[in-house]
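Following: one structure in structure tokens, then a few remarks.
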Amino acid sequence: MLERFEYKRATMEDLDELVRTRIVVLRAANKLSDDEDMSVVEEESYAYYRRALETGEHIAYLVYDNGAFIGAGGVSFYQVMPTYHNPTGKKAYIMNMYTAPEYRRQRIALHMLDLLVKDAKKQDVLQIALEATDMGRPLYERYGFVKMEDEMELIK
């Protein structure tokens, strides 16, 4: 079934689709209405994608069914201090995983996740993280992601 879908690595020509999808994902993940102003996030997302796609700091894929957009996913790369468990300090963060509602449960997200993980491993990344929604958590757990117990975050 997957062979009927086209998985395309995003380029600068795909900026509008990437940003549109980013806003859709953020609205869904944060349960935001269409009335919520996302103009700053949209503007900053354009700036992020322009820079990060150019430098290779971000890789994104778009999924199409006969030319119609049906999904996306991305991975961002960053560097931290080397540690015992991650001697290179290279890390990756998977984000913006999205499948159009009518295409869910067809292994599209699983294939997308596999592409992104393989891209990270090609860059010798040892630690890959993501933030899971309730809907996505079972997929990520089946793939082998585990809940992190020791991390904390300062919000504002």
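What follows draws every value from the coordinates through simple rules; no lab data is involved. As the structure is a computational prediction, the values presented were derived from the model and not from experiment. Note that we place each Cβ from the backbone using ideal geometry, even for glycine, and neighbour counts take in every protein chain shown.
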Report summary line: Subtracting the Cα-Cα distance of Met81 and Asp35 from 0.36 nm times their residue separation yields 12.5 nm
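Compare the peptides 23-30, 38-45 by average per-residue count of other Cβ atoms within 10 angstrom and give them in order, highest first. Let's see the in-between values first.
Numbers: 23-30: 15.0, 38-45: 13.1.
Per-residue mean Cβ counts within 10 Å order the peptides as 23-30, 38-45.
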Query raised in the report: Mind checking the dipole of region 91-156: about its Cα centre, +1 per Lys or Arg Cβ, -1 per Asp or Glu Cβ, Debye to the nearest 20?
Result: 300 debye
Query - Distance between region 3-41 and region 129-145 - C-alpha centres, whole angstrom - result: 19 Å
Query raised in the report: Once phi is turned into θ = phi - 60°, what whole-Hz ³J(HN,Hα) does the Karplus curve with 6.51, -1.76 and 1.60 give for every residue of region 16-25, x standing for Gly and Pro?
Result: 4, 5, 4, 5, 4, 5, 4, 5, 4, 4
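Could the peptides 129-141, 49-61 be put in order, highest first, of the mean number of other beta-carbon atoms found within 10 Å of their residues? Intermediate results must be reported in sequence, preceding the final value.
On the way: 129-141: 13.5, 49-61: 16.2.
Peptide ranking by packing, descending: 49-61, 129-141.
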Query raised in the report: Given a Förster radius of 35 Å and the C-beta distance between Glu153 and Glu6 as r, what FRET efficiency does 1/(1 + (r/R0)^6) yield to the nearest 0.05?
Result: 0.45
**Report entry** Options Tyr84, Ile155, Phe5, ranked by Cα towards positive dipole end of the chain, top entry (Cβ charges)
**Finding:** Tyr84
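Given the rule -39500 (n - 2.57) for each run of at least 4 DSSP H residues, summed and divided by the residues of the chain, what is its mean residue ellipticity at 222 nm, to the nearest 500 deg cm²/dmol?
Values: 4 runs with 54 residues, N = 156.
One gets -11000 deg cm²/dmol as the mean residue ellipticity at 222 nm.
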Query raised in the report: Dividing the alpha-carbon radius of gyration of the chain by 2.2 N^0.38 Å (N being the number of residues), what value is obtained?
Result: 1.06
**Report entry** Cβ charges +1 (Lys, Arg) and -1 (Asp, Glu), total dipole of the chain, debye
**Finding:** 640 debye
